[in-house]
Amino acid sequence: MKYKTKGTCSREINFEISDGKLHNVQYIGGCNGNLKGVGALVEGMEIHEAIRRLKGIKCGLKSTSCPDQLATALEQYLADN
């Protein structure tokens, strides 16, 4: 799935879902090392667990963050499937 982010330095998040688990998370733009770390940490994680852990994380004074945008993308995935 491709998700266009809103309110973050990253522009897009690409990921795959297999058997209810998250795989191959890639951010386009943003803080390269940190976002590779987020991808590595959520690799193989169940969708609901990733949402629980990432939802509501803020970046500085912004109302969202790259991890929060991943949670939003996963919620959209669940709503669409």
Flag for ARG11 being exposed (fewer than 13 other Cβ atoms within 10 Å of the Cβ) and in a strand (DSSP E or B): yes
Suppose we keep only residues that are in contact with a Gly (Cβ under 7 Å, 6 or more places away or on another chain) and assigned to a helix (DSSP H, G or I) within region 22-81. Which one would you say is surrounded by the fewest Cβ atoms within 10 Å (Cβ to Cβ)? ILE47
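Quick note: the coordinates plus some simple rules give every number you see, no bench work behind them. Not measured: the values here are computed from a predicted model. In this analysis, Cβ positions are derived from the backbone assuming ideal geometry, glycine residues included, and neighbour counts consider all displayed protein chains.
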